[in-house]
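Colleague: Got a structure for you, written out below as structure tokens; questions coming shortly.
The values are calculated or read from the model by the stated rules, or taken from the named source; none is laboratory data. Here the structure is a predicted model, which means the values were calculated and not measured. Don't worry about glycine lacking a Cβ; one is built from the backbone with ideal geometry, like all the others, and counts go over all protein chains shown. Note: areas computed on protein heavy atoms with side chains; ligands, DNA, RNA excluded. Shrake-Rupley method; radii C 1.70, N 1.55, O 1.52, S 1.80 Å.
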Amino acid sequence: MTDRTASAAASDRVRAMVARMTLEQKLAQIVGYWLDQGGEVVAPMQGEMSGVPEDLADITRHGIGHFTRVYGTRPVDAAERARWLWTEQRRLVAETGIPALVHEECLTGLAAWRAATFPTPLAWGASFDPGLVEEMGSAIGGSMRELGIHQGLAPVLDVVRDPRWGRVDECIAEDPYVVGTLGTAYVRGLQGAGVHATLKHFAGYSASRAGRNHAPVSAGPREMADVLLPPFEMAVLDGGVRSVMQAYVDVDGVPMASSEEYLTGILRDRWGFDGTVVADYFGVAFLHVMHKVAADLGEAAGLALAAGVDIELPTGDAYLEPLAARVRDGLVDEDLVDRAVLRALRQKEELGLLDETFDDEPPAVVDLDPPGHRAIARRLAEESVVLLANDGVLPLVAPGRPAPARVAVVGPNADRAEALMGCYSFANHVLAHHPGTELGFEIPTVAEALRSELPDAEITVSAGCDVDGDDRSGFAAAVEDAAAADVAVLVLGDQAGLFGRGTVGEGNDAESLELPGVQADLVEAVRATGTPTVVVLLTGRPYAVGPMLEDGAVLQAFFPGEEGGTALAGIITGRVCPSGRLPVSLPRSGGAQPYSYLHPTLGGPSEVTSTDSTPARPFGFGLSYTRFERTGLVADARVASGGTFAASVRVTNTGDRAGTDVVQLYAHDVVGSIPRPVALLLGYARVDLAAGESAVVHLEVPTTRLAFTDRSMVRVVEPGEVELWVGPDCATRESEASIVVDSPAHAVTVDDPRVVGVRVERA
């Protein structure tokens, strides 16, 4: 967006306000202030970047743009903090005329003490349920709005490119369409509740070399256009998102915080985004401190502002005095400052802040974990658990099979609530710095939930080992418990944390995809007893657990949140039928990375390499306690290159109990001007079916789902034959058809539809 269009988009009121402002007042509106910035480290290099906290009245004498994490930096009573916030906002209105915009993290729920903790985004992907994700976003937004919070720093729309990257649990899937549809659903839910969503991290962050956090990105413009950008495009054009956050990385040598090509050329000029671009925490200063493309903070500020970063978060290290000096010296055009201020004040106007007096009183009693939130959390957790293997041991309770009398619950995550939550949960993000502080909400562990689910069973619990480390001293007790039991439930996986304080999470990248520590050895020791085993993986990334799939049952749960233990217990006993599907390929080994199911022929196994990249379980895989048959796929014979084609398939529950199938329509472009993926997910649908019931799933597929960037770097739909199939995963062609895309090629524009229409007709 140019300076002129930025001004035109703003109201007369906002333009008049900016015209009256001093330079200091303008700069105050495009920075945040971190009230607790001297506290615990919850952002990268926070200790190095944060200065000594100043008096709040003094720091806000010219106004302030954002208050950073009022509720989310340390455990505070929400009602008491709200009273403080309302008082502070009244002071700001009285003294400066403009209140602060309050932002918080909200990736797995509002990141505040005692707030509901929902499943991590990788679990959203496993659910393949945009409707439920939208419900969750609306619930989270309602809690935030009640507390006077205006902007949420979520969702993460980074496409998983390498599971060694620590922030995989914050991502939704390795497929851009799944990321885009679920991420856009979250945006709609949050913004429908009156809270602006913020897309993270624009763009390319997840494609860093070797899966290392903040590492350079070598993605070419085609990978950016075809894989990494589409989810953001969907959330902007279809979701109407109001804020975008810049990524820390450099892409092909250009730091994203200084990339006018992406932050202005693509985001604003091509997609028409007219909201605010906020810096990832300290991202502007990192142009000087880490990227070394700016000699000082003032130069860093000038680069970021020119590129299109409107708001510096979480503080004003670069956009206050350093930027003011460069403006006064004529090194930065004040029009660039005005452009950012217009956008910042327009956002406050949209949120109603320019008319807000805060004369009302905040809520005296705040319940951040009401029954409605827990019900959504439970449903999403249940839908997201993926059954990876089952030799018949599950479900534990079934017709003709009595409940087990003795159950050994073994493993480092068997009785730990923290193991159910992701990196950006308040518990693992903040409370880890406050040992002894209660969680403040109910979160049954797997062991506790199994006791409730199996009240007549004798249940023993033994950790066996820690999540990480090589201490095997607990093996003997675990083996003894397992040998005496009818079934052993091994609960393994990760501990989410930040910057080395865990096995997964921000700054916790992995060199290997083996389960951390000696957990794999614990499985071998327990299985050697001959007791039937159920392995439960509570992780933030997919691990190479191929040998574990050969015996017993294996359940994959990606940090399923506060109701995750209950959901898992219900699936283990059989009260709940598993319906989750893998949103990421389950790797064969760490050495086969990076890998994506979206690979061309040369990216798969072949006779010219001795390594096999075939995953242990493919994208879209997931077993059930019932059986589904997908038949009769039909599609239009031909379609215009810029049109939409119809496809339909019958799905039947051929088992003896109700269940949910995730119908997945895939395509392969037989001949392309550049190599095309061997499989590409076009669309999907969750279908609930009673035993013996059938349904016909109708899909209206825009040809843009087949689009790619051609040799002239234009995104097109090319003519030619396309193979179609439906199956239980990307690798299995259960019912097939084909379609021909007519000439000529169609150049894709922002006006073209991007989303597949789905209709389920009961047969």
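Colleague: So if I check each of Phe475, Phe499, which one is among the aromatic types (Phe, Trp, Tyr) and modelled with pLDDT of 95 or more?
Modeller: Sole residue among the options that is among the aromatic types (Phe, Trp, Tyr) and modelled with pLDDT of 95 or more: Phe475.
Colleague: Could you check the range 413-428 and list, in sequence order, the residues that are open to solvent by 10 Å² or more (accessible area, probe 1.4 Å), part of a loop (DSSP other than H, G, I, E, B) and either out of contact with any helix residue (DSSP H, G or I) (no Cβ under 8 Å at 6 or more places or on another chain) or of a type outside the set (Phe, Trp, Tyr) (or both)?
Modeller: Across the range 413-428, the qualifying residues are Asp415, Arg416.
Colleague: Let me ask another. Would you be able to tell me the number of residues in the range 118-141 that are open to solvent by 10 Å² or more (accessible area, probe 1.4 Å) and either among the hydroxyl-bearing types (Ser, Thr, Tyr) or touching a Ser or Thr at 6+ places or on another chain (Cβ under 7 Å) (or both)?
Modeller: 2
Colleague: Confirm whether Ala403 is open to solvent by 10 Å² or more (accessible area, probe 1.4 Å), more than 30 Å from Ala553 (Cα to Cα), of a type in the set (Gly, Ala, Ser) and in contact (Cβ under 8 Å) with a residue 60 or more places away in the chain. If you could, list the steps in order and put the result at the bottom.
Modeller: Details: open to solvent by 10 Å² or more (accessible area, probe 1.4 Å): yes; more than 30 Å from Ala553 (Cα to Cα): no; of a type in the set (Gly, Ala, Ser): yes; in contact (Cβ under 8 Å) with a residue 60 or more places away in the chain: yes.
Criteria not met by Ala403.
Colleague: Val608 passes all but one of (1) hydrophobic (A, V, I, L, M, F, W, C); (2) within 23 Å of Pro176 (Cα to Cα); (3) outside any strand (DSSP E or B); which number fails?
Modeller: (2) is the only condition that Val608 fails.
Colleague: Looking at Arg209, Arg188 in this structure, which one is without any contact (Cβ under 8 Å) to a residue 24 or more places away in the chain and open to solvent by 10 Å² or more (accessible area, probe 1.4 Å)?
Modeller: Within the list Arg209, Arg188, the selection yields Arg209.
Colleague: Need at least 1 residues that are over 31 Å from the mean Cα position of the chain (by Cα) and closer than 30 Å to Met144 by Cα per element, so show me which helices (runs of 4 or more DSSP H) inside the range 306-391 make the cut, counting only ones lying wholly within it.
Modeller: Numbers: elements: 321-328, 334-350, 371-384.
Result: 334-350.
Colleague: Quick check on the range 325-336. Is at least one of its residues open to solvent by less than 60 Å² (accessible area, probe 1.4 Å) and touching a His at 6+ places or on another chain (Cβ under 8 Å)?
Modeller: For the range 325-336, residues open to solvent by less than 60 Å² (accessible area, probe 1.4 Å) and touching a His at 6+ places or on another chain (Cβ under 8 Å): absent.
Colleague: Mind checking which residues of the range 429-471 are open to solvent by less than 10 Å² (accessible area, probe 1.4 Å), touching a helix residue (DSSP H, G or I) at 6+ places or on another chain (Cβ under 7 Å) and part of a helix (DSSP H, G or I)?
Modeller: Listed by number, the residues that qualify are Val446, Ala449, Leu450.
Colleague: Arg501: in contact (Cβ under 8 Å) with a residue 12 or more places away in the chain, open to solvent by 10 Å² or more (accessible area, probe 1.4 Å) and more than 25 Å from Ile571 (Cβ to Cβ), yes or no?
Modeller: For Arg501, the condition - in contact (Cβ under 8 Å) with a residue 12 or more places away in the chain, open to solvent by 10 Å² or more (accessible area, probe 1.4 Å) and more than 25 Å from Ile571 (Cβ to Cβ) - is met.
Colleague: Right, next: Looking only at the range 520-554, count every residue that is surrounded by 18 or more Cβ atoms within 10 Å (Cβ to Cβ) and in a helix (DSSP H, G or I) and tell me the total.
Modeller: Summing the residues that are surrounded by 18 or more Cβ atoms within 10 Å (Cβ to Cβ) and in a helix (DSSP H, G or I) in the range 520-554 gives 6.
Colleague: Now for a separate question. Based on what the data block shows, is Glu607 touching a residue at least 40 places away in the same chain (Cβ under 8 Å), open to solvent by 10 Å² or more (accessible area, probe 1.4 Å) and not small (Gly, Ala, Ser)?
Modeller: no
Colleague: I've got another one for you. If only one of Ala731, Ala737 is open to solvent by 10 Å² or more (accessible area, probe 1.4 Å) and more than 19 Å from Pro675 (Cβ to Cβ), which one is it?
Modeller: The match here is Ala737.
Colleague: Sticking with this structure for a sec: Among Gly275, Gly308, which is the only one that is open to solvent by less than 10 Å² (accessible area, probe 1.4 Å) and on the phi > 0 side of the Ramachandran plot?
Modeller: Step by step, each of Gly275, Gly308 is checked, and only Gly308 is open to solvent by less than 10 Å² (accessible area, probe 1.4 Å) and on the phi > 0 side of the Ramachandran plot.
Every residue, every condition in (1) free of Cβ contacts under 8 Å to residues at least 24 places away in the same chain; (2) among the hydrophobic types (A, V, I, L, M, F, W, C); (3) part of a helix (DSSP H, G or I); (4) touching an Asp or Glu at 6+ places or on another chain (Cβ under 7 Å), yes or no:
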residue: Pro231; (1), (2), (3), (4): no, no, yes, no
residue: Met234; (1), (2), (3), (4): no, yes, yes, no
residue: Gly239; (1), (2), (3), (4): no, no, no, no
residue: Met245; (1), (2), (3), (4): no, yes, no, yes
residue: Glu261; (1), (2), (3), (4): yes, no, yes, no
residue: Thr264; (1), (2), (3), (4): no, no, yes, no
residue: Phe273; (1), (2), (3), (4): no, yes, no, no
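Colleague: Scan the range 634-671 residue by residue and report those that are open to solvent by 30 Å² or more (accessible area, probe 1.4 Å) and not in a strand (DSSP E or B).
Modeller: Asp636, Ala637, Ala640, Gly642, Thr654, Asp656, Arg657, Ala658, Val670, Val671
Colleague: If you don't mind, there's one more thing I want to ask. Sort through Val195, Val178, Val168 and tell me the only one that's touching a strand residue (DSSP E or B) at 6+ places or on another chain (Cβ under 9 Å), over 30 Å from Phe286 (Cα atoms) and either at pLDDT 95 or above or open to solvent by less than 10 Å² (accessible area, probe 1.4 Å) (or both).
Modeller: Matching residue, one of Val195, Val178, Val168: Val178.
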